[in-house]
Amino acid sequence: MINRPFLPLLTHLRASCRLLSVTVLAIGLATTARAAEPKPAPVALAVNAAVVTSSRIARTLPVTGSIQAWQEIIIGPEVGGFRVDSVLVEVGDRVKRDQELVRLSSSMLEAEAAAKRAAVKQADAQLVNAEAALHRAEMLASTKVFSQADLDRLRSEQLTAQGRVEATRADLGLAELRVRYTRVKAPYDGVITARTVNVGQIAQSGAEMLRLLRDGRVEWRGEVPEARLKELKVGQIAKLITADGTELTGKVRIVAPTVTSSNRMGLVYVDIVPGSPARPGMFARGVVETSSAEANLVPLSSIVSQDGYSYVFVLQAGDKVERRRVSTGSIQGDAMEITVGLKAGERVVAKGAAFLKNGDQVKVVAAGA
């Protein structure tokens, strides 16, 4: 039996329980109603598509190097101790073979040559006298006027005179050659690239006066890792780009037979087409076309790099995408070579791939081959 003082409290508790029950029921009905509402369909991302194409591409080997003179000739005098009278060329001048470049003072050498010519004439006269004396002795030999000893002496004098003539003529030839050497001439056609000689200085035998770029011909020398030297062959085409953007074309002339031990690099020598603006000392990047082959190509924008790998999103039935891992090759303009992972004719997402995940629904708004 409940005491009367507790009746109001009991009544209040019963009312609270009824109110709580009604509230829980209302929340449950609302939750059920929301669960029954249809979920909105996911929004399909608009993308551009491209078809994987098969094309024949050139396999290339990137190389860096510099432009050098094919042959740079150091020009100097062959006689020394004479003053420079005149310099007939300047840097940049084109010259022909045997063209006079520098003239040395030749007065002393010409005087020496004149003395040698006089000595030759004197020796010639002595030879004439010796030959005449021998001839007379031989004619009188049968008359016993000359003894055999006298005849032998005359023959010896004739031979001595003949040898003197030959010696003086050789001396004259050397003196005249030294005179000619005072005219410093171009050994080949070419372009003057440097000048270190001035009028009035005393020239030294063999000292540098000028430098000549033989035939105006330059070449590009590039460094290639030793592991890739085997890909290079004489006659391959090389395309070069200088620091100012100038494009040059050349052909492989020599692949060096040795490798530098310090950096394990070998040299490739490329002849540059004559008449190009290339100058010795210029830096140039280049690619050498080593071979050609069929390859599958996709736009560069379709490649997505994630986790250190390359992926593309391939369009499947119903415009859903499949994320597929691929192996890439060389870049061909605005396209990328795919070596593994795709077949020609498949469609890939060209633009918008970075915002997709595997299995996403997309809407193709444009497509290209």
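The values are calculated or read from the model by the stated rules, or taken from the named source; none is laboratory data. Every value quoted in this text rests on a predicted model; they were computed, and no experiment measured them. Don't worry about glycine lacking a Cβ; one is built from the backbone with ideal geometry, like all the others, and counts go over all protein chains shown.
Taking the condition modelled with pLDDT under 85 and either hydrophobic (A, V, I, L, M, F, W, C) or crowded, with 16+ Cβ neighbours inside 10 Å (or both), does F146 pass? So F146 passes the test. Looking at the stretch 144-154, is at least one residue out of contact with any helix residue (DSSP H, G or I) (no Cβ under 6 Å at 6 or more places or on another chain), among the aliphatic types (A, V, I, L, M) and either without any contact (Cβ under 8 Å) to a residue 24 or more places away in the chain or in a loop (DSSP other than H, G, I, E, B) (or both)? Yes, there is a match, as at least one residue in the stretch 144-154 is out of contact with any helix residue (DSSP H, G or I) (no Cβ under 6 Å at 6 or more places or on another chain), among the aliphatic types (A, V, I, L, M) and either without any contact (Cβ under 8 Å) to a residue 24 or more places away in the chain or in a loop (DSSP other than H, G, I, E, B) (or both).
Please tell me if S305 is outside the structural domain of G92 (by TED's automatic domain parsing), without any contact (Cβ under 8 Å) to a residue 60 or more places away in the chain, among the hydroxyl-bearing types (S, T, Y) and closer than 16 Å to I331 by Cα. Yes, satisfied. Being closer than 30 Å to A243 by Cα, within 31 Å of the chain's Cα centre (by Cα) and at pLDDT 95 or above is not true of I57. The residues of the stretch 60-93 that are outside any strand (DSSP E or B), of a type in the set (A, V, I, L, M, F, W, C) and more than 26 Å from the chain's Cα centre (by Cα), listed by number, are V79, L88, V89. Condition (residue is in contact with a helix residue (DSSP H, G or I) (Cβ under 9 Å, 6 or more places away or on another chain) and either without any contact (Cβ under 8 Å) to a residue 40 or more places away in the chain or not in a loop (DSSP other than H, G, I, E, B) (or both)) applied to the stretch 94-111: is it met by at least one residue? Within the stretch 94-111, one or more residues are in contact with a helix residue (DSSP H, G or I) (Cβ under 9 Å, 6 or more places away or on another chain) and either without any contact (Cβ under 8 Å) to a residue 40 or more places away in the chain or not in a loop (DSSP other than H, G, I, E, B) (or both). Quick one: would you say A132 is aliphatic (A, V, I, L, M), exposed (fewer than 13 other Cβ atoms within 10 Å of the Cβ) and over 25 Å from D171 (Cα atoms)? Considered against the rule, which asks whether it is aliphatic (A, V, I, L, M), exposed (fewer than 13 other Cβ atoms within 10 Å of the Cβ) and over 25 Å from D171 (Cα atoms), A132 comes out as yes.
What residue, of P257, P280, P274, is without any contact (Cβ under 8 Å) to a residue 24 or more places away in the chain and either surrounded by fewer than 19 Cβ atoms within 10 Å (Cβ to Cβ) or in contact with a Leu (Cβ under 8 Å, 6 or more places away or on another chain) (or both)? After ruling out the rest, the residue left standing is P257. Out of the residues in the stretch 157-178 that are buried (at least 17 other Cβ atoms within 10 Å of the Cβ) and in contact (Cβ under 8 Å) with a residue 60 or more places away in the chain, state the one that is farthest from V120 (Cα to Cα). Filtering the stretch 157-178 for residues that are buried (at least 17 other Cβ atoms within 10 Å of the Cβ) and in contact (Cβ under 8 Å) with a residue 60 or more places away in the chain, the one farthest from V120 (Cα to Cα) comes out as R178.
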